[in-house]
Amino acid sequence: LQCNTGCSIKGKLLDGMAAKIDGNPYSPWTLWPHPAYATPIKDMATVEGAICPKGQAGLQAVYDPYRIMQVLKRKPGTKRGDGQWLTLPFEQAIDEIVNGGDLFGEGPVEGFKDVYALHDPELAAEMAAEVKKIWDEKDPDKKKALVEEFKVTFKDHLDVLIDPDHPDLGPKNNQFSLVWGRM
């Protein structure tokens with residue numbers, strides 16, 4: 001997965017080590033004309049599908065001596081860019097990512113469980129409808145009044161917002177983005 005297209009691959013081994021990456025001949029992205037999917041593997045063993053140079057470069061990532069192989073965390077008390085790291089067990093990393101805490105000696109950091117604040121889809125829809133009214137209002141004074149009205153209407157739920165004075169920013173959930181390329 002050197003790119004996010006995710007072409008199917010076939011690896012060739014030499015003395016137990018990956019030596020070459022080719023396209024999987026059963027994939028419609030890597031071979032044309034397509035073979036019948038029921039074609040036995042033994043008949044396809046010598047057939048290579050095409051794959052771009054990014055995919056072929058996967059071997060460089062696998063055998064790169066500088067690739068990260070353990071979970072690393074910035075050492076508490078150091079600044080970003082200092083290049084000082086601690087190795088963490090995977091379970092501890094998951095716990096810190098989910099639960100947050102004073103992770104770097106700089107004060108509390110919210111975890112993902114804190115960011116996932118708004119769980120109720122009906123409440124989310126109600127808030128979104130009111131926010132749309134704020135967005136649609138052109139008069140600054142009326143817009144300010146709508147924000148105050150929003151704060152009164154949703155007074156019991158202001159803790160789920162990024163900033164209650166700016167409900168148009170939405171819930172804390174909006175602070176999380178999953179951008180995948182290798183999922």
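The values are calculated or read from the model by the stated rules, or taken from the named source; none is laboratory data. All of these numbers come straight from a predicted model, not from anything done at the bench. A quick note on method: Cβ atoms are made from the backbone with ideal geometry, for glycine too, and the neighbour counts reach across all protein chains shown. Note: areas computed on protein heavy atoms with side chains; ligands, DNA, RNA excluded. Shrake-Rupley method; radii C 1.70, N 1.55, O 1.52, S 1.80 Å.
Does at least one position in segment 129-144 carry a residue that is within 22 Å of Ile162 (Cβ to Cβ) and within 25 Å of the chain's Cα centre (by Cα)? Within segment 129-144, not a single residue is within 22 Å of Ile162 (Cβ to Cβ) and within 25 Å of the chain's Cα centre (by Cα).
So which of Pro89, Pro25, Pro40, Pro76 ends up being over 17 Å from Ser8 (Cα atoms) and in contact (Cβ under 8 Å) with a residue 24 or more places away in the chain?
Numbers: Pro89 fails: in contact (Cβ under 8 Å) with a residue 24 or more places away in the chain; Pro25 fails: over 17 Å from Ser8 (Cα atoms); Pro40 fails: in contact (Cβ under 8 Å) with a residue 24 or more places away in the chain.
Only one candidate passes the filter, namely Pro76.
Restricting to segment 99-124, name every residue that is open to solvent by 70 Å² or more (accessible area, probe 1.4 Å), touching a residue at least 24 places away in the same chain (Cβ under 8 Å) and not in a loop (DSSP other than H, G, I, E, B). Answer for segment 99-124, where residues must be open to solvent by 70 Å² or more (accessible area, probe 1.4 Å), touching a residue at least 24 places away in the same chain (Cβ under 8 Å) and not in a loop (DSSP other than H, G, I, E, B): just Phe112. If you check Ala61 against the conditions, is it under 21 Å from the mean Cα position of the chain (by Cα), open to solvent by less than 100 Å² (accessible area, probe 1.4 Å) and modelled with pLDDT under 90? Yes.
Quick check on Phe176: is it aromatic (Phe, Trp, Tyr) and either open to solvent by less than 50 Å² (accessible area, probe 1.4 Å) or within 30 Å of Ser8 (Cβ to Cβ) (or both)? So Phe176 does not fit the description; no. Could you list all residues from segment 3-32 that are among the polar types (S, T, N, Q) and open to solvent by less than 70 Å² (accessible area, probe 1.4 Å)? Selection gives Ser8, Asn24, Ser27, Thr30. Evaluated against (1) farther than 30 Å from Lys151 by Cβ; (2) open to solvent by 100 Å² or more (accessible area, probe 1.4 Å), Lys133 falls short on exactly one condition, (1). Within segment 162-177, being without any contact (Cβ under 8 Å) to a residue 40 or more places away in the chain, under 14 Å from Val115 (Cα atoms) and not small (Gly, Ala, Ser) holds for Ile162, Asp163, Leu169, Asn174.
Starting from residues that are acidic (Asp, Glu) and outside any loop (DSSP other than H, G, I, E, B), keep the ones in segment 64-98 and report whichever is most open to solvent (accessible area, probe 1.4 Å).
First, pick out the residues of segment 64-98 that are acidic (Asp, Glu): 64, 82, 91, 95-96.
Next, from what is left, pick out any that are outside any loop (DSSP other than H, G, I, E, B): 91, 95-96.
Working: Glu91: 132, Asp95: 80, Glu96: 32 Å².
So, considering only residues that are acidic (Asp, Glu) and outside any loop (DSSP other than H, G, I, E, B), the one most open to solvent (accessible area, probe 1.4 Å) is Glu91.
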